[in-house]
Amino acid sequence: MLLRETLASAIDRLSAARVPSPRLNAELLLMFVLGCDRAYFYAHPERPLDPRESERYDEALAKRARGIPAQYITGHQEFWGLDFMVSPAVLIPRPETEHVIETVLELMGQDSGAASAAERRHHAARGAGNRLTAAGQAFEERNRIIDVGTGSGCIAIALATELPEAEILATDISRAALEIARANAARQLQDRIQFHQTDLLEKFEARNFNVVVSNPPYVGQSEEDHVQLEVRKHEPHDAVFAGPSGLEIIERLIPQAGAALKSGGWLVMEISGTVVEGVKRLLSGWEQVRIVNDLQGIPRVVSARAR
């Protein structure tokens with residue numbers, strides 16, 4: 001079959017399987033199989049696929065039709081202008097989590113308000129994300145940041161890219177997740193991040209960090225039916241679901257963060273609208289508690305300052 005016909009057939013196949021955004025998924029998988037960008041196959045609609053390419057594309061489409069996320073099929077996902085390897089051992093990085101990075105940078109004095117998030121991602125992709133005010137630079141030079149439950153390493157690596165003078169640590173309870181995070185760090189940075197296999201912040205000294213950042217599990221089991229089927233079936237359960245209420249991991253993390261942070265240090269976490277009120281209650285003893293909404297108006301990030 002010609003490339004144009006192959007793509008049209010793939011879109012019909014994914015549509016019949018009720019895959020969201022069937023054209024986007026068909027194109028992403030075709031780019032993966034051919035090793036090209038989108039412009040290539042629109043510029044060469046008459047190009048025939050060889051038997052091996054057709055076989056690989058059919059296999060990829062079959063997986064996607066079964067609900068396997070495209071990112072697990074291709075093994076890659078973009079985040080903050082950087083390319084991350086992913087596998088079923090880690091949660092797929094999502095655009096909403098970029099609000100976590102923006103919040104940390106703002107709290108550290110990096111974001112003067114003059115640049116948009118898109119501009120920051122552009123600079124991060126080019127390795128030039130070091131636009132600091134004098135105050136931000138001074139703060140950064142003495143800063144220690146720890147990313148709790150790092151997964152693919154996307155938060156830690158994005159921050160390390162933006163903050164070249166900061167000392168970055170990252171933890172995860174999963175050995176398999178840490179293998180992915182270390183591989184991603186090796187592709188983007190040179191020994192900039194220290195990785196530790198541990199449960200949250202166990203075994204770290206008190207009053208030792210300026211920033212604790214995390215995208216913890218925050219979905220309650222009662223919400224399971226409202227979570228996308230492919231997330232429930234294919235992404236790591238322990239990285240999505242926290243327990244019956246969705247607050248179980250956060251309930252443990254907040255006091256540990258309070259102990260680990262220096263006075264005046266910041267806790268920054270990704271959350272959801274379902275748990276936002278519970279998170280506020282748990283942070284009642286903290287200062288300057290602030291909620292940041294995502295682009296859909298959903299509470300997405302909480303920041304709070306340690307006393």
Exercise. Would you say residue 45 is under 21 Å from residue 75 (Cβ atoms), not in a helix (DSSP H, G or I) and not hydroxyl-bearing (Ser, Thr, Tyr)?
Worked result: no
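Do we have residue 13 as without any contact (Cβ under 8 Å) to a residue 24 or more places away in the chain and open to solvent by 60 Å² or more (accessible area, probe 1.4 Å) here? Walk me through it before giving the result.
On the way: without any contact (Cβ under 8 Å) to a residue 24 or more places away in the chain: no; open to solvent by 60 Å² or more (accessible area, probe 1.4 Å): yes.
Answer is no for this residue.
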For this session: Filter segment 237-284 down to the residues that are touching a Lys or Arg at 6+ places or on another chain (Cβ under 8 Å) and open to solvent by 40 Å² or more (accessible area, probe 1.4 Å), then identify the one that is nearest to residue 307 (Cα to Cα).
Result: 263
Exercise. Given the conditions (1) under 30 Å from residue 227 (Cβ atoms); (2) buried (at least 19 other Cβ atoms within 10 Å of the Cβ); (3) touching a helix residue (DSSP H, G or I) at 6+ places or on another chain (Cβ under 6 Å), which single one is not true for residue 108?
Worked result: (1)
For this session: Give segment 207-234 a look and list any residue that's surrounded by 16 or more Cβ atoms within 10 Å (Cβ to Cβ) and in contact with a Pro (Cβ under 7 Å, 6 or more places away or on another chain), or say none.
Result: 220, 230, 234
Problem set entry | Hits in segment 140-169 - residues which are acidic (Asp, Glu), closer than 19 Å to residue 200 by Cα and open to solvent by 10 Å² or more (accessible area, probe 1.4 Å) | 167
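A quick yes/no check of all residues on (1) modelled with pLDDT of 95 or more; (2) over 17 Å from residue 2 (Cβ atoms); (3) open to solvent by 30 Å² or more (accessible area, probe 1.4 Å):
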| residue | (1), (2), (3) |
| --- | --- |
| 26 | yes, no, no |
| 30 | yes, no, no |
| 41 | no, no, no |
| 47 | no, no, yes |
| 58 | yes, no, yes |
| 63 | yes, yes, yes |
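Among the strands (runs of 3 or more DSSP E) confined wholly to segment 214-307, which include 1 or more residues that are at pLDDT below 95, in contact with a helix residue (DSSP H, G or I) (Cβ under 9 Å, 6 or more places away or on another chain) and more than 28 Å from residue 177 (Cα to Cα)? Working first, answer last.
Numbers: elements: 241-243, 261-270, 287-293, 299-305.
In segment 214-307, no matching strands (runs of 3 or more DSSP E) lie anywhere.
Among the residues that make up segment 190-197, is at least one of them in contact with an Asp or Glu (Cβ under 7 Å, 6 or more places away or on another chain), surrounded by 20 or more Cβ atoms within 10 Å (Cβ to Cβ) and not acidic (Asp, Glu)?
So in segment 190-197, the residues in contact with an Asp or Glu (Cβ under 7 Å, 6 or more places away or on another chain) come out as 197.
Within this subset, residues satisfying the condition of being surrounded by 20 or more Cβ atoms within 10 Å (Cβ to Cβ) are none.
No, because not a single residue in segment 190-197 is in contact with an Asp or Glu (Cβ under 7 Å, 6 or more places away or on another chain), surrounded by 20 or more Cβ atoms within 10 Å (Cβ to Cβ) and not acidic (Asp, Glu).
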For this session: From the list 239, 306, 257, pick out the single residue that is closer than 30 Å to residue 20 by Cα, hydrophobic (A, V, I, L, M, F, W, C) and touching a Leu at 6+ places or on another chain (Cβ under 9 Å).
Result: 239
Problem set entry | Number of the condition not met by residue 75 [criteria: (1) surrounded by 13 or more Cβ atoms within 10 Å (Cβ to Cβ); (2) under 24 Å from the mean Cα position of the chain (by Cα); (3) touching a residue at least 12 places away in the same chain (Cβ under 8 Å)] | (1)
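Quick check, is residue 86 crowded, with 16+ Cβ neighbours inside 10 Å and in contact with a strand residue (DSSP E or B) (Cβ under 9 Å, 6 or more places away or on another chain)?
Numbers: crowded, with 16+ Cβ neighbours inside 10 Å: yes; in contact with a strand residue (DSSP E or B) (Cβ under 9 Å, 6 or more places away or on another chain): yes.
Considered against the rule, which asks whether it is crowded, with 16+ Cβ neighbours inside 10 Å and in contact with a strand residue (DSSP E or B) (Cβ under 9 Å, 6 or more places away or on another chain), residue 86 comes out as yes.
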For this session: Could you check residue 210 against (1) part of a strand (DSSP E or B); (2) without any contact (Cβ under 8 Å) to a residue 24 or more places away in the chain; (3) of a type outside the set (Val, Ile, Thr) and say which number it fails?
Result: (2)
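Check segment 81-104 and report whether any residue there is modelled with pLDDT of 95 or more, over 30 Å from residue 266 (Cβ atoms), of a type in the set (A, V, I, L, M, F, W, C) and outside any helix (DSSP H, G or I). Full working, then the answer.
At the first step, the residues of segment 81-104 found to be modelled with pLDDT of 95 or more are 81-104.
Going one step further and asking which of them are over 30 Å from residue 266 (Cβ atoms), we end up with 87-88.
Then keep just the ones that are of a type in the set (A, V, I, L, M, F, W, C); that gives none.
Within segment 81-104 (the criterion being modelled with pLDDT of 95 or more, over 30 Å from residue 266 (Cβ atoms), of a type in the set (A, V, I, L, M, F, W, C) and outside any helix (DSSP H, G or I)), the answer is no, since none of the residues qualifies.
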Problem set entry | Filtered residues of segment 163-198 (kept if in a loop (DSSP other than H, G, I, E, B), closer than 21 Å to residue 78 by Cα and touching a residue at least 12 places away in the same chain (Cβ under 8 Å)) | 163, 164, 189, 192
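The values are calculated or read from the model by the stated rules, or taken from the named source; none is laboratory data. Since the structure is predicted, the reported quantities are computational estimates derived from the model, not experimental observations. Here the Cβ is made from the backbone with ideal geometry for all residues, glycine too, and neighbour counts use every protein chain on show. The area values use the complete protein model at the heavy-atom level, side chains included, leaving out ligands, DNA and RNA. Shrake-Rupley method; radii C 1.70, N 1.55, O 1.52, S 1.80 Å.
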